[in-house]
Amino acid sequence: MSDNKMEVKNLDFYYDDFQALNKINIPLKSNKVTALIGPSGCGKSTFLRTLNRMNDLIEGTRVEGEILFDEKNIYDPDVDVVALRKRVGMVFQQPNPFPKSIFDNVAYGPRIHGLKDKGKLAEIVEKSLQGAALFSEVKDRLDDSALGLSGGQQQRLCIARALAVRPEVLLMDEPASALDPVATAKIEDLIAELKKDYTIVIVTHSMQQAARVSDNTGFFLMGDLVEFDKTDKIFENPTDQRTEDYITGRFG
């Protein structure tokens, strides 16, 4: 068995006739954080959404190549996409709690998957909120609306909601871009904690954040993966001039 949780091989992605990703090859290591950096519109988020087939929801998209997850291609016709998205959770840029109680937000996924036992649900909710470093702040108001939480708390709630169905991989699409520096630091600390149990892929506009939280970094440009390597190598001694130009702020 390799230490790759997922492995992307020769991935091409199209929106109708527009090719958004060109021959992407990237190994996503188990229990590591992989950061994806690059200017806006370069394909980072599109790539992230190929990992749990979220792009399937957009009409006119198609994929060529393979994404192996535990060595099976997730684009094989017999793959159950609902089951895949349970194993590959996602946290979006804007916190998007449901207009329900804090408890019901976290219990939502397990309930959808058929869990009705109140004791077990309460256990999962508590564990997930602890996993998202939020439980101590909300334990006395689980029945209150999630919309009453601060932005940073809402984002950690969305992480707890993703954790509640026990995924193996966690995708994060700029999870801190809408947050203030204090809330951002909490999310970054949380990522460091979560990688003990999860494989994490994060899209970020902040190169400082990529440098702080990730083990490996991929630099995307115009739909190409220009360079992929250990994070310190990418930031201190990149191989490709375009990577160096982007990191030193010459463009982007």
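The values are calculated or read from the model by the stated rules, or taken from the named source; none is laboratory data. Since the model is a prediction, treat every value here as computed from it, not as a measurement. Don't worry about glycine lacking a Cβ; one is built from the backbone with ideal geometry, like all the others, and counts go over all protein chains shown.
General observations
- Put simply, of L142, L179 the only residue that is part of a loop (DSSP other than H, G, I, E, B), farther than 26 Å from N31 by Cβ and out of contact with any strand residue (DSSP E or B) (no Cβ under 6 Å at 6 or more places or on another chain) is L142.
- Boolean, D215 is surrounded by fewer than 19 Cβ atoms within 10 Å (Cβ to Cβ), closer than 23 Å to N52 by Cβ and in contact with a strand residue (DSSP E or B) (Cβ under 7 Å, 6 or more places away or on another chain): yes
- Restricted to the stretch 12-49, and to residues there that are touching a Gly at 6+ places or on another chain (Cβ under 9 Å) and polar (S, T, N, Q), the residue that is nearest to E193 (Cα to Cα) is T34.
- Consider the stretch 86-123 and keep the residues that are under 17 Å from the mean Cα position of the chain (by Cα) and surrounded by fewer than 19 Cβ atoms within 10 Å (Cβ to Cβ). The one that is nearest to N55 (Cα to Cα) is F92.
- In the stretch 170-229, the residues that are of a type in the set (D, E) and farther than 25 Å from E7 by Cα: D180, D189
- Matching residues, the stretch 174-214, being closer than 21 Å to F235 by Cα and acidic (D, E): E174, E188, D189
- Condition check for E66: at pLDDT below 95 and surrounded by fewer than 20 Cβ atoms within 10 Å (Cβ to Cβ): no
- Restricting the stretch 158-174 to residues that are outside any strand (DSSP E or B) and out of contact with any helix residue (DSSP H, G or I) (no Cβ under 6 Å at 6 or more places or on another chain), the residue that is farthest from V125 (Cα to Cα): E174
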